[in-house]
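Student: Encoded as structure tokens, here's the structure I'll be asking about.
The values are calculated or read from the model by the stated rules, or taken from the named source; none is laboratory data. These numbers come from a predicted model, not from an experiment. Note: ideal-geometry Cβ built from the backbone for every residue, glycine included; neighbour counts use all protein chains shown. The area values use the complete protein model at the heavy-atom level, side chains included, leaving out ligands, DNA and RNA. Shrake-Rupley method; radii C 1.70, N 1.55, O 1.52, S 1.80 Å.
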Amino acid sequence: MTEPTLTVRAFFERVRAGQLTAVRCGSCGELAIPPKELCPACHARAWQPAPLVGEGTIASFTVIRIAPRAHAADAPYAVAVVKLKEGVSILGRVVDIPLDKIAVGLPVRFRPLVTPERASVGFGPA
Ligand SMILES: [Zn+2]
């Protein structure tokens, strides 16, 4: 049995360390983030970790005004789909940008959001 080269757990461990990492299919070159079991393009299982620069632009976003209990104290806040320069997109929380300044096409930069309990993907000003 082959171990995946980058599990979802390892993805978030790398986020905790400040690194945004995708996986690249060794068979067809497709890039995926976060890691997937099989390549969506060719169904191969030949992933290699591919570090990302962490720069991109907001492709879409929504403002969360009524948040899940764990995030209720933070509301309102925005989450965005960010299209990274490498061509893949990822969902992340928008930080340090006023809600009324968030717009599609706004350049942003990866910002790891780290607490003792969890690491998650954030994006702040570029
Ligand atoms: Zn592939």
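Student: I'm trying to understand the selection: among the residues of segment 86-118, which are without any contact (Cβ under 8 Å) to a residue 12 or more places away in the chain and over 17 Å from the mean Cα position of the chain (by Cα)?
Tutor: The first filter runs over segment 86-118 and keeps only residues without any contact (Cβ under 8 Å) to a residue 12 or more places away in the chain, leaving 98, 100-101, 115-117.
Listed by number, the residues that qualify are 98, 100, 101, 116, 117.
Student: Could you identify the single residue in 67, 72 that is farther than 23 Å from residue 8 by Cα and either of a type in the set (Phe, Trp, Tyr) or outside any loop (DSSP other than H, G, I, E, B) (or both)?
Tutor: Details: 67 fails: either of a type in the set (Phe, Trp, Tyr) or outside any loop (DSSP other than H, G, I, E, B) (or both).
When all the criteria are applied, what remains is 72.
Condition check ((1) over 25 Å from residue 109 (Cα atoms); (2) open to solvent by 50 Å² or more (accessible area, probe 1.4 Å); (3) more than 9 Å from the ligand (Cβ to nearest atom)) across all residues:
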site	(1), (2), (3)
34	no, yes, yes
41	yes, yes, no
48	no, yes, yes
52	no, no, yes
55	no, no, yes
58	no, no, yes
70	no, yes, yes
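Student: Any chance you could count how many residues in segment 114-126 are surrounded by 12 or more Cβ atoms within 10 Å (Cβ to Cβ) and not in a strand (DSSP E or B)? Explain how you work it out, then say what you get.
Tutor: Applying the first criterion (surrounded by 12 or more Cβ atoms within 10 Å (Cβ to Cβ)) to segment 114-126 yields 114, 119-126.
Still in the list and also not in a strand (DSSP E or B): 126.
Residues flagged as surrounded by 12 or more Cβ atoms within 10 Å (Cβ to Cβ) and not in a strand (DSSP E or B) within segment 114-126 amount to 1.
Student: Determine whether residue 21 is away from the ligand (no atom under 14 Å from the Cβ) and without any contact (Cβ under 8 Å) to a residue 40 or more places away in the chain. Spell out how you get there, then give the answer.
Tutor: Details: away from the ligand (no atom under 14 Å from the Cβ): yes; without any contact (Cβ under 8 Å) to a residue 40 or more places away in the chain: yes.
Yes: the conditions hold for residue 21.
Student: Another question about this same structure. Can residue 7 be described as under 18 Å from the mean Cα position of the chain (by Cα) and either among the basic types (Lys, Arg) or more than 14 Å from residue 123 (Cβ to Cβ) (or both)? Give the derivation first.
Tutor: Numbers: under 18 Å from the mean Cα position of the chain (by Cα): yes; either among the basic types (Lys, Arg) or more than 14 Å from residue 123 (Cβ to Cβ) (or both): yes.
Judged against the criteria, residue 7 is a match.
Student: Let me ask another. Given the condition within 16 Å of the ligand (Cβ to nearest atom), over 19 Å from residue 100 (Cβ atoms) and in contact with a Gly (Cβ under 8 Å, 6 or more places away or on another chain), answer yes or no: does some residue in segment 74-83 qualify? Give the derivation first.
Tutor: Of all residues in segment 74-83, those within 16 Å of the ligand (Cβ to nearest atom) come to none.
For segment 74-83, residues within 16 Å of the ligand (Cβ to nearest atom), over 19 Å from residue 100 (Cβ atoms) and in contact with a Gly (Cβ under 8 Å, 6 or more places away or on another chain): absent.
Student: Which one is farthest from residue 35 (Cα to Cα), of the residues in segment 78-113 that are in a strand (DSSP E or B) and open to solvent by 70 Å² or more (accessible area, probe 1.4 Å)? Let's see the steps before the verdict.
Tutor: First, the residues of segment 78-113 that are in a strand (DSSP E or B): 78-84, 89-94, 107-113.
Now narrow it down to the ones that are open to solvent by 70 Å² or more (accessible area, probe 1.4 Å): 83, 91, 107, 109, 111.
Numbers: 83: 16, 91: 13, 107: 24, 109: 20, 111: 19 Å.
Of everything passing the filter in segment 78-113, 107 is farthest from residue 35 (Cα to Cα).
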